[in-house]
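Everything on this sheet refers to the single structure shown next.
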Amino acid sequence: MTANLYDLKFEELRELLQDLNQPTFRAKQIWQGIYQNLWTDLTDFSNLPLILRDQLSSQFNLGGLTLEKELSSTDGQTHKYLYRLEDGSAIETVLMAYHDRNTVCISSQVGCAMGCKFCATGNMGFVRNLTSGEIVEQVIKSAAILSSNDNRLTNVVFMGMGEPFHNYQALREAIVILNDPNGFGMGKRRFTISTVGIVPGIKKLTEERSQVNLAISLHAADDQLRSKIVPINSKYNISALMTACDAYLEKNGRRITIEWALIDGVNDTDEQARKLVNLIKGKLFHVNLIQLNPVDHYPGKPAMDQNARRFQKIIEAAGIPCTIRLRRGIDIQAGCGQLASNTN
Ligand code: SAH
Ligand code: SF4
């Protein structure tokens, strides 16, 4: 078994090379090759002597994601990549270009255990956690794709398959690796973690005083409705969730995004909008509405445009910033909640 270089923090790489009697500058060269030159094959490392490249190849590998399929949306700006993992399972990563930024949407698990009713990933059930290396590699592969078009990756959102806080350790390590200023150097503020509301995860993030952005998938403003569509609500209810958010805001001072998939006749009512206002009024929140993306197994329909705008107006009237997210990549099932390990 060879070790995956993407799993390693710089210090760990340096120590492993020390064991191979290699000087520290070799670790720096390798780090630079991986995270600045974005070389994805050990034979590419022209900054290393051939003999060392051979030695490295016998002990390390550079990732295990094989691109199996790429789909591009008719909008020309959204691309979805299906990667096969070494154990045969599959994940999806989505790259989105905007006029001022390039964002990659990363998966943190194969499947998801949370079972939100309207989510294709949830419908798959939980298969396994990704390793930190598998998370890092999705980002680096995306950056390499952009770089080959003279472009740069600017933002990383954990909004792909899986619940990031159910894989806290790997997520945290991946962010540390990608943040390293001598390597990839992606600033903490360029990451966003989206969670269904795992309270211990929010607490850990608060304790770490992490600068990464936090988004909470709320979708309903009372426990009765939320538990119906987001089952984990019966474990971490709205009141526990709001208490954790308050502590985060107090310690961190960074605005939290509330995500809300508007489902026709379910959670797009004035009553829900008013209840949401009551929950977050006067605090540092931003509300991001998205009209439900279609998924095969769920009969709900997206909220109608006029209802989405009415909902938005109620939130805004309370002085809370509220945007309706442009739906992207629906034609290739690359929208929020549409990702699954589909190979067809
Ligand atoms: N597990 C995390 C992150 C992945 S889901 C979370 O739930 O936050 C990313 C976002 O897509 C979440 O806000 C989720 O609620 C939303 N989502 C899931 N299914 C959707 C659908 N069919 N239409 C629109 N958004 C959806
Ligand atoms: Fe999991 Fe998020 Fe989908 Fe819920 S919405 S099932 S937490 S991926």
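The values are calculated or read from the model by the stated rules, or taken from the named source; none is laboratory data. Since this is a predicted model, take the numbers as computed values, not measurements. Cβ placement follows ideal geometry from the backbone for every residue including glycine, while neighbour counts extend to all protein chains displayed.
When you check residue 146 against the structure, is it within 20 Å of residue 67 (Cβ to Cβ) and away from ligand 1 (no atom under 15 Å from the Cβ), yes or no?
Criteria met by residue 146.
So how many residues does the stretch 76-97 have that are in contact with a strand residue (DSSP E or B) (Cβ under 9 Å, 6 or more places away or on another chain), away from ligand 1 (no atom under 16 Å from the Cβ) and not charged (D, E, K, R)?
Residues that pass the stated criteria total 10.
Among the residues of the stretch 307-320, are any more than 24 Å from residue 277 (Cα to Cα), loosely packed, with under 15 Cβ neighbours inside 10 Å and not polar (S, T, N, Q)?
The answer is no, given that none of the residues of the stretch 307-320 is more than 24 Å from residue 277 (Cα to Cα), loosely packed, with under 15 Cβ neighbours inside 10 Å and not polar (S, T, N, Q).
Since residue 281 meets every condition but one in (1) away from ligand 2 (no atom under 16 Å from the Cβ); (2) touching a His at 6+ places or on another chain (Cβ under 9 Å), which condition does it not meet?
All conditions pass for residue 281, except number (2).
Any residue that is touching a Ser or Thr at 6+ places or on another chain (Cβ under 6 Å) and polar (S, T, N, Q) - is there at least one of those in the stretch 206-213?
Yes: the stretch 206-213 contains one or more residues that are touching a Ser or Thr at 6+ places or on another chain (Cβ under 6 Å) and polar (S, T, N, Q).
Tell me, which residue of the stretch 80-106 that is of a type in the set (D, E, K, R) and crowded, with 17+ Cβ neighbours inside 10 Å is farthest from residue 2 (Cα to Cα)?
Applying the filter and picking the extreme gives 80.
Quick one: what pairs do we get from the stretch 228-244, first residue under 12 Å from residue 195 (Cα atoms), second assigned to a loop (DSSP other than H, G, I, E, B) and acidic (Asp, Glu), C-beta under 9 Å, 6+ apart or different chains?
Correct list of pairs: 232/163.
Within 16 Å of ligand 2 (Cβ to nearest atom), closer than 27 Å to residue 33 by Cα and at pLDDT 95 or above - does that describe any residue in the stretch 179-193?
yes
Of the residues that make up the stretch 5-27, is at least one of a type in the set (Phe, Trp, Tyr) and over 25 Å from the mean Cα position of the chain (by Cα)?
yes
Quick one: residue 171 ticks every box in (1) in contact with a helix residue (DSSP H, G or I) (Cβ under 8 Å, 6 or more places away or on another chain); (2) at pLDDT 95 or above; (3) farther than 26 Å from residue 32 by Cβ bar one, so which box is it?
Only one criterion in (1) in contact with a helix residue (DSSP H, G or I) (Cβ under 8 Å, 6 or more places away or on another chain); (2) at pLDDT 95 or above; (3) farther than 26 Å from residue 32 by Cβ is unmet by residue 171, namely (3).
Cβ-Cβ under 7 Å, sequence separation 6+ or interchain: first residue in the stretch 245-273 and of a type in the set (Lys, Arg), partner modelled with pLDDT of 95 or more. Which pairs?
251/206; 254/213; 255/284; 255/285; 255/286
Being away from ligand 1 (no atom under 16 Å from the Cβ), surrounded by fewer than 15 Cβ atoms within 10 Å (Cβ to Cβ), closer than 30 Å to residue 166 by Cβ and not hydroxyl-bearing (Ser, Thr, Tyr): is that true of residue 41 here?
Considered against the rule, which asks whether it is away from ligand 1 (no atom under 16 Å from the Cβ), surrounded by fewer than 15 Cβ atoms within 10 Å (Cβ to Cβ), closer than 30 Å to residue 166 by Cβ and not hydroxyl-bearing (Ser, Thr, Tyr), residue 41 comes out as no.
Working carefully through the options 175, 140, 145, find the one that is crowded, with 18+ Cβ neighbours inside 10 Å and under 23 Å from residue 202 (Cα atoms).
When all the criteria are applied, what remains is 175.
Inspect all residues belonging to the stretch 115-128 and state whether any of them is more than 13 Å from residue 38 (Cβ to Cβ), touching a Lys or Arg at 6+ places or on another chain (Cβ under 7 Å), within 16 Å of ligand 1 (Cβ to nearest atom) and at pLDDT 95 or above.
The answer is no, given that none of the residues of the stretch 115-128 is more than 13 Å from residue 38 (Cβ to Cβ), touching a Lys or Arg at 6+ places or on another chain (Cβ under 7 Å), within 16 Å of ligand 1 (Cβ to nearest atom) and at pLDDT 95 or above.
So which of 332, 314, 290 ends up being of a type in the set (A, V, I, L, M), out of contact with any Gly (no Cβ under 7 Å at 6 or more places or on another chain) and within 15 Å of ligand 2 (Cβ to nearest atom)?
None of the others qualify; the one that does is 290.
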